[in-house]
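Engineer: Handing you a structure now.
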Amino acid sequence: MSFYPPYNGVLGWTTGILPGPPPNGLYYWWQGGAMWGTLLDYRHQTGDKQFDRWISEAMLAQVGDKFDYNPRNWSASMGNDDQAFWAMSALIAAETGYTDPPKDQPQWLALAQGTLHSQMNMQRRVAANANSPCAWGLRWQVYQTNNGWDYINTISNGCFMNMAARVGRYTGNTTYFEWAEKTWDFIRGLKYVADDYQVYDGAHEPTGCQTINPFTFSYNAAVLMQSCAYMYNATNGADKWKQQIDGLLNRTIVSFFGETGVAFERNCEGASTGCNTDMRSFKGYLHRWMASTMKLAPYTAPTIMPVLRSSAKAALKTCTGGTNGRMCGFQWRSGEFVGPAGAGEQMNVLGALMSVMNPADIRAPLTNATGGTSGGSLTAGTGGDMNIFDRSYRPITTGDRAGAGIATAVLLGLFLSTMAWLNWDQFRSVGSLH
């Protein structure tokens with residue numbers, strides 16, 4: 001929180017965001033949303049409510065005109081993954097029973113649905129006008145004028161799958177599960193997730209996504225792992241999702257923890273170029289989403305917990321920097337503080353420490369059937385286009401037609417009865433004239 005200017009009494013600051021975006025500061029818009037998600041997890045794990053005011057103000061200040069976490073101020077760099085990080089934080093609020101917004105404000109579930117629905121509509125529109133084998137995939141950037149529009153990347157599609165699986169689990173609406181599963185099958189079909197479950201970054205649509213960017217980042221693997229865990233949980237342990245969890249989990253431990261059992265961002269931490277500000281926050285998501293996987297698929301705990309413990313111990317040893325001697329560093333395998341120390345580095349260590357907390361009274365993510373109170377909206381983010389829920393691909397059966405006929409008859413009967421009741425006095429007066 002020391003990196004958030006309003007917390008330090010700075011007036012006139014845009015509510016919800018960290019200093020940026022570059023070149024005016026280190027942080028892009030999405031990292032603000034990621035920070036509030038980290039703090040929502042922290043609140044849930046510890047019961048510490050001292051940051052509630054800041055969390056609620058921030059999460060409601062950046063919703064945008066259409067309540068889909070797409071405020072116009074950030075359109076020049078708005079990615080589908082950027083939107084999703086804010087929406088996934090809203091889902092944490094809904095799933096943990098965080099205080100609902102006032103009734104005249106958009107609700108946490110509805111905000112996640114608004115973001116998800118807007119991206120569902122985007123996929124439909126773009127895919128309808130393209131012939132590429134990867135046209136259906138969600139693009140990195142929201143707007144065609146932005147650099148990166150033609151990049152179909154793993155994190156955008158992984159976050160989309162994540163939102164769909166979680167909203168489906170929360171609401172019980174199976175259409176969301178269909179979108180989540182289709183997204184997973186799409187990513188696998190493109191070989192973004194290889195046969196050995198190594199997860200790659202993405203590819204460009206004009207080349208049919210055939211030339212895959214071979215970079216591997218921990219948050220790509222982790223968001224897919226958590227998404228598959230939600231699907232596993234929602235389907236009562238379906239074999240398909242267990243297989244995906246196991247493949248992703250084993251490869252993630254090998255790729256990002258290795259023999260030391262300490263998280264290492266392999267494609268930038270050991271490179272001469274180093275990690276940029278975005279990449280320096282990935283370890284926190286890795287730990288938190290692996291911990292979530294344990295909660296949703298408990299059989300994974302004996303595999304996951306040992307690496308989270310060894311990694312968290314190493315992370316904590318770096319927290320001796322800064323003027324107060326408590327800032328944490330990024331290079332956990334060093335055994336000491338190595339600067340710089342930004343918001344991402346602090347989120348990482350907090351995420352690592354939370355991942356090994358397992359209080360007995362911490363519940364699995366709520367649903368609207370298990371105590372969740374957040375209000376939703378099927379029309380949020382649709383712009384009136386409800387075809388995202390269209391099931392026209394399924395042939396209409398005789399049973400469908402019969403059901404439709406019965407429903408029509410019942411509704412017609414109710415309508416006529418209601419009209420007769422509403423106009424009874426008039427009927428009586430007309431009768432008395434004759």
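The values are calculated or read from the model by the stated rules, or taken from the named source; none is laboratory data. Everything numeric in this text was worked out from a predicted model, so none of it was measured. Ideal geometry is used to build each Cβ from the backbone, glycine not excepted, and the neighbour counts take in all protein chains shown. Just the protein is used for accessible areas: all its heavy atoms, side chains included, with ligands, DNA and RNA removed. Shrake-Rupley method; radii C 1.70, N 1.55, O 1.52, S 1.80 Å.
Engineer: Given the options 260, 334, 303, identify the residue whose Cα lies farthest towards the positive end of the charge dipole of region 248-365 (+1 on Cβ of Lys, Arg; -1 on Cβ of Asp, Glu).
Structural biologist: It is 303, whose Cα lies furthest towards the positive end.
Engineer: Now, a different point. Can you give me the distance in nm between label points at residue 305 and residue 100, each placed 7 Å from the Cα along the Cα-to-Cβ direction?
Structural biologist: Placing both labels 7 Å along Cα→Cβ, they lie 3.5 nm apart.
Engineer: How many percent of the accessible area of the chain is carbon or sulfur, using a 1.4 Å probe? Kindly include the intermediate steps, with their values, before the conclusion.
Structural biologist: Numbers: 10890 of 19610 Å².
Exposed carbon and sulfur together represent 56 percent of the surface.
Engineer: Now for a different question. Find the Cα radius of gyration of region 123-215, compare it with 2.2 N^0.38 Å by division, and give the number to two decimals. All intermediate terms of the calculation are to be shown ahead of the outcome.
Structural biologist: Working: Rg = 13.2 Å, N = 93, 2.2 N^0.38 = 12.3 Å.
Rounded to two decimals, the normalised Rg is 1.07.
Engineer: Got a sec to turn the phi values of region 344-354 into Karplus ³J(HN,Hα) couplings, 6.51 cos²θ - 1.76 cosθ + 1.60 with θ = phi - 60°, whole Hz, x for Gly and Pro?
Structural biologist: x, 5, 6, 4, 4, 5, 4, x, 5, 5, 5
Engineer: In debye, nearest 20, what is the charge dipole magnitude of region 26-215 about its Cα centre with +1 on Lys and Arg Cβ and -1 on Asp and Glu Cβ, if you could check?
Structural biologist: Values: 14 positive and 19 negative charges, 60 e Å.
Magnitude of the dipole: close to 280 debye.
Engineer: Here's a follow-up. I'd like the projected area of region 162-221, averaged over all directions, using the convex hull of its alpha carbons. Report it in nm² with one decimal. Spell out each step's value before the answer.
Structural biologist: Values: hull surface 18.7 nm².
If you wrap the Cα atoms of region 162-221 in a convex hull and average its projections, you get 4.7 nm².
Engineer: In square nanometres, what is one fourth of the surface area of the convex hull spanned by the alpha carbons of the chain? Write down the numbers at each step before the final one.
Structural biologist: Working: hull surface 110.3 nm².
Seen from a random direction, the Cα hull of the chain projects 27.6 nm² on average.
Engineer: Can you compute 3J(HN,Hα) from phi for each residue in region 62-79, using the Karplus curve 6.51 cos²θ - 1.76 cosθ + 1.60 with θ = phi - 60°, rounded to whole Hz and x for Gly and Pro?
Structural biologist: Each residue's phi maps through the Karplus curve to give 10, 6, x, 5, 9, 6, 9, 6, 9, x, 4, 4, 10, 5, 5, 9, 7, x Hz.
Engineer: Sorting 67, 337, 186 by accessible area (1.4 Å probe), largest first, what list results? It would help to have the intermediate numbers written out before the result.
Structural biologist: Details: 67 100, 337 60, 186 30 Å².
Largest accessible area first, the residues go 67, 337, 186.
Engineer: What is the Rg over Rh value, at two decimals, for region 248-365, using alpha-carbon atoms and the Kirkwood definition of Rh?
Structural biologist: On the way: Rg = 14.0 Å, Rh = 14.4 Å.
Over the Cα atoms of region 248-365, Rg/Rh equals 0.97.
Engineer: Roughly how far apart, in whole Å, are the Cα centres of region 175-227 and region 56-111?
Structural biologist: Cα centroid to Cα centroid, the span is 25 Å.
Engineer: Next question. Write out the trypsin sites (Lys or Arg not before Pro) in region 181-254 meeting two conditions: DSSP loop, and at most 16 other Cβ atoms within 10 Å of their Cβ.
Structural biologist: Values: sites: 182, 188, 191, 240, 242, 251; in loops: 191.
Answer in residue order: 191.
Engineer: From the protein chains alone at 1.4 Å, what is the descending order of accessible area for 256, 264, largest first? Show your work: numbers first, answer last.
Structural biologist: Numbers: 256 5, 264 55 Å².
Heavy-atom accessible area, descending, gives 264, 256.
Engineer: Right, here's the next one. Step through the table entries 191/295; 66/103; 283/313, compare each Cα-Cα distance with 20 Å, and write down the pairs that go over it.
Structural biologist: Numbers: 191/295 28 Å; 66/103 17 Å; 283/313 14 Å.
Correct reply: 191/295.
Engineer: Next question, about the same structure. Return the calculated 222 nm mean residue ellipticity for the chain, to the nearest 500 deg cm²/dmol, obtained by summing -39500 (n - 2.57) across DSSP H runs with n ≥ 4 and dividing by the residue count. Before the final figure, lay out each step's value.
Structural biologist: Working: 13 runs with 212 residues, N = 434.
So the helix-based figure for the chain works out to -16500 deg cm²/dmol.
Engineer: Let me ask something additional. Which value, in Å², gives the accessible area per residue of the chain when a 1.4 Å probe is used on the protein heavy atoms? Could the numbers behind the result be given before it?
Structural biologist: Numbers: 19610 Å² over 434 residues.
Solvent-accessible surface per residue comes out at 45 Å².
Engineer: Pop the C-beta distance of residue 313 and residue 48 into the FRET formula with R0 = 22 Å and round what comes out to the nearest 0.05.
Structural biologist: Working: r = 22 Å, r/R0 = 1.02.
That gives a FRET efficiency of 0.50.
Engineer: Putting +1 on Lys and Arg Cβ atoms and -1 on Asp and Glu Cβ atoms, find which of 325, 377, 247 reaches farthest to the positive end of the dipole of the chain.
Structural biologist: Value: 247.
Engineer: Scattering from the C-alpha atoms of region 26-215 alone, worked out with Debye: what is log10 I(q)/I(0) at q = 0.10, 0.13 1/Å?
Structural biologist: Computed log10 I(q)/I(0) values: -0.41, -0.69.
Engineer: If one takes the longest principal axis of the Cα atoms in the chain, at what angle in degrees, from 0 to 90 and to the nearest 10, does the Cα axis of helix 282-296 lie?
Structural biologist: That helix lies at roughly 50 degrees to the long axis.
Engineer: Report, by chain and number, residues whose modeled amide H sits under 5 Å from the one on residue 141, excluding near sequence neighbours (fewer than 5 apart, same chain).
Structural biologist: So residue 141 has HN proximity to 80, 149, 151.
Engineer: May I pose another question? With +1 on each Lys and Arg Cβ and -1 on each Asp and Glu Cβ, how big is the dipole of the chain about its Cα centre, in debye rounded to the nearest 20?
Structural biologist: 420 debye
Engineer: For a Förster distance of 25 Å, can you work out the FRET efficiency between the beta-carbons of residue 124 and residue 72, rounded to the nearest 0.05?
Structural biologist: Details: r = 23 Å, r/R0 = 0.92.
The pair residue 124/residue 72 has a calculated efficiency of 0.60.
Engineer: To the nearest 20 Debye, how big is the dipole of region 248-365 about its Cα centre, given +1 on the beta carbon of each Lys and Arg and -1 on that of each Asp and Glu? Walk me through the numbers before you get to the answer.
Structural biologist: Values: 12 positive and 7 negative charges, 45 e Å.
Here the size comes out at about 220 debye.
Engineer: With label points built 7 Å along Cα→Cβ from the Cα atoms of residue 8 and residue 239, find their separation and express it in nm.
Structural biologist: Modelled inter-label distance: 5.7 nm.
Engineer: Step through the residues of region 36-42 one at a time and calculate ³J(HN,Hα) from phi using the Karplus curve (6.51 cos²θ - 1.76 cosθ + 1.60, θ = phi - 60°), rounding each to whole Hz and writing x for Gly and Pro.
Structural biologist: With the stated coefficients, region 36-42 comes to 5, x, 4, 6, 5, 4, 4 Hz.
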